[in-house]
Amino acid sequence: MESRPLSQAAINRQKILGKKFLVTGGAGFLGSHLCETLLKQGGRVICLDNLSNGKLANIKHLQLESNFKFYKKDVNDSKQLEPIFKQEQPNYVMHYAAVVGVKRTSANPLVVLQDIEGIKNIVSLSRKFRVKKILFTSSSEVYGEPIKLPIAEDDTFNGKWPYSLVKILGEQYFQAYYEQYGMPVTIVRFFNVYGPRQDGGDSGFVVSIFLRNALAGKPLLIYGSGEQTRDFVYVDDNIRLTLKAFFADKANGRPMNIGSGRSISILDLAKAITKNFSGVKILFKPARRQGEIKYRTPDVSFMKKILKDKPLVKLSVGLAKTLTYLQTKRTS
C-alpha cells in the first residue's frame with residue numbers, strides 16, 4: 001500500500017527533530033519566535049545574544065526547556081563565538097544578530113558596521129566546524145528606494161544607509177562561501193514583520209509603536225505625508241515561511257523575498273488602528289530623515305513557486321493578536 005505524502009510541516013519536523021540549531025540574536029523579537037518554534041518541533045536550540053537589542057524577557061519561558069541553552073555573547077567577537085561552536089557543534093546556524101531599528105541604526109552607524117565582523121565570524125566558523133547549512137536574515141532595506149514595483153530579488157540594490165550596506169555585504173559573503181566552498185546557505189529578505197515581543201519604544205517599529213501609543217491614549221505620530229507604503233507580515237507567517245525556505249534546497253544560495261506582496265500606506269495603517277480607539281488621533285510630523293524610502297512592495301513569485309505557500313494572517317487579524325498580547329502584558 002502506498003504511503004500518503006508528508007505535509008511540509010511534517011517534513012520540516014523530521015529535519016528539525018533532534019538537530020542542534022545555533023540562533024544568533026535569539027533573544028530578539030524574531031529570534032525568540034524562531035527559538036520557540038524550533039523547540040516545539042523537537043529541535044535543540046543554542047540561543048546566543050549580547051542583549052543590546054534582545055531581552056531576557058523574550059526567552060524567559062524557554063529557559064526551563066531541557067533542549068534550550070542561552071549564552072550572553074557577542075557574535076562580532078570571534079574569541080567569544082568560537083568556544084561555543086567548539087563546545088556545542090551545531091548542525092545549523094541561523095544568523096539573526098544585528099543592530100536594528102531606524103532610530104538606533106541612524107544614530108549609531110559605526111556600531112552597525114561592526115556587524116560585518118559577525119558575518120565574517122559566522123561564515124568562517126561554520127565552515128571550520130562543518131555546519132550543514134546557514135540561514136542569513138537580510139532585509140528589504142537592500143533595495144533602497146526601488147526603481148520599479150513590485151521589487152524582485154534580482155532588481156538593483158539601491159540601499160545607501162549603513163544597515164542596508166551591511167546586509168548587502170552579508171549576502172555577498174554568504175553567497176561567496178556557497179559558490180567557493182559549497183556550503184549551503186539560505187538568504188531571506190524580510191519585509192515589515194510585526195507581532196508580539198516587537199520593540200515598541202523610541203527605537204522600535206511602526207506597528208508596535210502605534211499600538212502602544214493607542215493603548216496609552218497617545219496620538220499616533222506619522223513622519224512625513226503618511227503616503228509611504230510597507231508590506232506587513234505577521235510573525236507566525238514569517239517564521240513558517242523562513243523555515244520552509246531554509247529546508248528548500250532549490251533556494252540554496254539565492255535570496256528570497258519573504259512578504260505578502262500587498263502593501264499598505266502608513267496613514268491607512270494608522271487609520272485601521274485608531275478606529276478601535278475612540279479619542280486617539282493621528283498627528284503629522286516632518287520626515288525624520290532625508291531619503292526615507294517611500295514605496296516598498298515585494299515581488300513574491302519566487303517565494304510562492306519554491307515554498308508553495310504565502311502569508312495567511314490578514315493584517316486586521318495580526319493587529320488584533322498583537323493588541324491582545326500588549327493588553328495582557330500591561331495587566332500582568
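The numbers here are math on the coordinates, done by the rules we state, and not lab data. Note that the structure is a prediction, hence the values are computed from the model and not measured. Positions of Cβ are generated from backbone atoms using ideal geometry, with glycine treated the same way; all protein chains shown enter the neighbour counts.
Inter-part distance, region 45-68 to region 264-307, computed on C-alpha centroids, equals 30 Å. Here's the list of aspartates and glutamates a cross-link from LYS281 could span, going by alpha-carbon distance under 16 Å and ignoring same-chain residues fewer than 8 apart: ASP268. The C-alpha atoms of the chain define a longest principal axis, and helix 115-128 lies at about 20 degrees to it. Note on LYS329: lysines with a C-alpha under 17 Å away, same-chain residues under 8 apart excluded, are LYS55, LYS60, LYS321.
Per residue of the chain, the DSSP helices (runs of n ≥ 4 H) give a summed -39500 (n - 2.57) that works out to -12000 deg cm²/dmol at 222 nm.
Peptides 297-305, 311-319 ranked from most to least packed by the mean count of surrounding Cβ atoms within 10 Å: 297-305, 311-319.
Protection proxy ranking, highest mean first, for peptides 227-234, 59-66: 227-234, 59-66, where packing is the per-residue count of other beta-carbon atoms within 10 Å, averaged.
Taking the Cα atoms of the chain, the ratio Rg/Rh between the radius of gyration and the Kirkwood radius comes to 0.95. Could you tell me whether region 17-124 comes out rounded, prolate or oblate from its Cα gyration tensor? Rule is a ≥ b ≥ c as square roots of the eigenvalues, rounded for a/c under 1.5, then prolate if a/b exceeds b/c, otherwise oblate. It is oblate, given that a/c is not under 1.5 and a/b is not larger than b/c.
Label-to-label distance for ALA320 and GLN80 is 4.2 nm, based on points extended 7 Å past Cα in the beta-carbon direction. Take every Cα pair under 8 Å whose residues are at least 6 apart in sequence, average their separation, divide by the length of region 142-232, and the relative contact order is 17 percent.
Only lysines eight or more places from LYS120 in sequence, or on another chain, were considered; those with a Cα closer than 20 Å are LYS72, LYS73, LYS79, LYS86, LYS128, LYS132, LYS133, LYS167.
Once fully extended, how much extra length lies between TYR223 and LEU51, figured as 0.36 nm per residue of separation less the alpha-carbon to alpha-carbon distance?
Numbers: separation 172, 0.36 × 172 = 61.92 nm, distance 2.87 nm.
Additional length available on full extension: 59.0 nm.
Karplus-based coupling profile of region 299-316, in residue order and whole Hz: 8, 10, 5, 5, 4, 5, 5, 7, 8, 6, 7, 7, x, 10, 8, 5, 4, 4, with θ = phi - 60° in 6.51 cos²θ - 1.76 cosθ + 1.60 and x standing for Gly or Pro. The protection proxy used here, the mean number of other Cβ atoms lying within 10 Å of each residue, ranks peptides 166-179, 270-283, 21-34 as follows, highest first: 21-34, 166-179, 270-283.
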